[in-house]
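Remarks on the structure that follows.
The values are calculated or read from the model by the stated rules, or taken from the named source; none is laboratory data. What you are looking at is a predicted structure, and each value in this text was computed from that prediction instead of being measured. Cβ atoms come from the backbone with ideal geometry, glycine included; neighbour counts cover every protein chain shown.
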Amino acid sequence: MTRLLFTLALILSTAFPRALAEPYPSKPIRLVIAFAAGSATDAAGRVLAQALSQRLGQSVIVDNRAGANGQIAATMVAGSPADGYTLFMTTNSTHSANPHLYKNLPYDPIKDFDPIARVGLLPFMLVVNPSLPVNSTRELIDYARKNPGKLSYGTASTASLIGAETINAMAGLDMVGVGYKASPQAILDLVAGRLQVMVADFTTAMPQVKAGKLRILAVMTAKRSALLPDVPTMDETLKGFDMISWNGVFAPAGTPKEIIARLARDTLAVLAQPEIGRQFSAIGFEVEPMDTEAFVRFVREQIGYWGKLIRAAKIQPE
């Protein structure tokens with residue numbers, strides 16, 4: 001009798017695995033952020049995490065894993081269980097630029113991740129310490145040419161590095177890069193005068209610009225930003241210049257399709273809320289979502305796009 005009951009239980013557990021499985025999500029979800037607290041991705045991630053928590057009925061806990069342009073976070077997520085309880089909010093740094101900046105990445109941006117949805121775009125601006133006697137991009141170029149090797153710029157992400165080195169390459173300048181682990185640290189040194197120039201994201205630079213502690217010269221996109229319509233673009237001085245960072249959510253490769261679909265559906269629903277849009281705008285972030293299918297194509301295309309930018313900037317892989 002005991003053997004019969006055991007056999008029956010085994011048959012039922014095999015025949016009805018979905019009935020026995022817990023509904024998703026049944027416990028807190030970890031949202032790994034590729035950059036430090038206070039960074040643009042962190043600020044956007046916290047807005048999204050709070051909204052998703054309410055929609056999913058489970059806590060979405062932010063976990064900052066900064067370092068090596070996102071390699072530390074990407075490697076950790078790639079090796080995490082593909083069960084929907086570890087998600088990755090990241091940018092073009094890990095999934096577009098790093099494949100061209102490093103000869104040996106410890107992860108594969110395509111094979112190791114399942115895209116869920118794009119969140120939006122993060123524009124960058126060219127800012128200088130106000131003590132620098134320049135009020136436009138053209139004046140900065142002229143000043144840098146007269147003072148080769150004397151201007152230093154901060155870099156805390158692949159976008160800040162590529163943006164500054166593209167200016168160097170296109171204008172024939174010799175500004176010297178200084179690396180930082182996080183954007184807030186670089187911004188503090190720029191305000192203090194230990195740096196003179198930076199290609200910085202809107203989120204970390206805008207408060208200092210509004211306070212008069214930094215001077216903005218241009219936005220890095222080919223079109224003027226809706227957030228700063230009176231600020232000229234880099235393209236107006238250096239023709240063909242166009243750079244903008246993107247941000248999206250991923251899961252480890254192999255995550256069940258129904259979980260990906262659920263997360264994508266809820267992420268897009270959250271981003272469609274006007275209040276969420278206002279919160280993102282307040283931190284200098286442009287909400288431009290993509291569903292999973294479009295995001296998959298976009299991620300693949302962006303690898304080629306950022307590779308072209310890096311080659312044009314003459315940056316050699318490490």
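Contact map, the stretch 104-125: residues that are at pLDDT below 95 paired with residues that are among the small types (Gly, Ala, Ser) and in a strand (DSSP E or B), Cβ distance under 6 Å, separation 6+ or inter-chain. Pairs shown: 122/245. Is the stretch 83-91 home to any residue that is at pLDDT 95 or above, out of contact with any Ser or Thr (no Cβ under 8 Å at 6 or more places or on another chain) and among the hydroxyl-bearing types (Ser, Thr, Tyr)? Among the residues of the stretch 83-91, at least one is at pLDDT 95 or above, out of contact with any Ser or Thr (no Cβ under 8 Å at 6 or more places or on another chain) and among the hydroxyl-bearing types (Ser, Thr, Tyr), which makes the answer yes. Here is the figure for the stretch 77-97: residues that are in a strand (DSSP E or B) and more than 12 Å from the chain's Cα centre (by Cα) total 2.
So is residue 193 at positive phi and in contact with a Ser or Thr (Cβ under 9 Å, 6 or more places away or on another chain) or not? Against the criterion (at positive phi and in contact with a Ser or Thr (Cβ under 9 Å, 6 or more places away or on another chain)), residue 193 qualifies.
The requirement of being more than 17 Å from the chain's Cα centre (by Cα), of a type in the set (A, V, I, L, M, F, W, C) and surrounded by 15 or more Cβ atoms within 10 Å (Cβ to Cβ) is fulfilled somewhere in the stretch 232-240, by at least one residue.
The residues listed here are 121, 126; of these, the one that is in a strand (DSSP E or B) and either surrounded by fewer than 19 Cβ atoms within 10 Å (Cβ to Cβ) or aromatic (Phe, Trp, Tyr) (or both) is 121.
For beta carbons closer than 6 Å, sequence separation of 6+ or different chains, a first residue in the stretch 134-153 that is more than 9 Å from residue 171 (Cβ to Cβ) and a second that is assigned to a helix (DSSP H, G or I) and hydrophobic (A, V, I, L, M, F, W, C), the qualifying pairs are 134/140; 151/144; 153/164. Please determine, by comparing only the residues of the stretch 59-79 that are of a type in the set (Gly, Ala, Ser) and under 14 Å from residue 156 (Cβ atoms), which one is surrounded by the fewest Cβ atoms within 10 Å (Cβ to Cβ). My answer is 67. Under the condition of being in a helix (DSSP H, G or I) and within 15 Å of the chain's Cα centre (by Cα), the residues counted in the stretch 58-76 number 7.
Going by what's in this entry, would residue 312 be described as of a type outside the set (S, T, N, Q), on the phi < 0 side of the Ramachandran plot and at pLDDT below 95? Spelling it out, residue 312 is indeed of a type outside the set (S, T, N, Q), on the phi < 0 side of the Ramachandran plot and at pLDDT below 95. Working only within the stretch 263-300, note down all residues that are among the β-branched types (Val, Ile, Thr) and outside any helix (DSSP H, G or I). Once the filter is applied, which keeps residues that are among the β-branched types (Val, Ile, Thr) and outside any helix (DSSP H, G or I), the stretch 263-300 yields 283, 287. Among the residues of the stretch 178-225, the one identified as of a type in the set (Lys, Arg) and in contact with a helix residue (DSSP H, G or I) (Cβ under 7 Å, 6 or more places away or on another chain) is 213.
Scanning the stretch 100-109 for residues that are in contact with a Pro (Cβ under 9 Å, 6 or more places away or on another chain) and either surrounded by fewer than 21 Cβ atoms within 10 Å (Cβ to Cβ) or not in a loop (DSSP other than H, G, I, E, B) (or both) yields 100, 101, 102, 103, 105, 108. Beta carbons closer than 9 Å, at least 6 apart along the sequence or on distinct chains, pair a first residue in the stretch 69-86 that is over 9 Å from residue 251 (Cβ atoms) with a second that is among the acidic types (Asp, Glu) and part of a loop (DSSP other than H, G, I, E, B) for 74/112; 75/112; 78/108; 78/112; 79/112. Filtering the stretch 278-318 to residues that are basic (Lys, Arg) and surrounded by fewer than 13 Cβ atoms within 10 Å (Cβ to Cβ) leaves 278, 297, 308, 311, 314. Each residue in the stretch 186-219 was checked for being assigned to a helix (DSSP H, G or I), touching a residue at least 60 places away in the same chain (Cβ under 8 Å) and of a type in the set (Gly, Ala, Ser), and 1 pass. Restricting the first member to the stretch 239-261 and to residues that are free of Cβ contacts under 8 Å to residues at least 60 places away in the same chain, and the second to residues that are surrounded by fewer than 18 Cβ atoms within 10 Å (Cβ to Cβ) and of a type in the set (A, V, I, L, M, F, W, C), the beta-carbon pairs closer than 6 Å and six or more apart or on different chains are 242/222.
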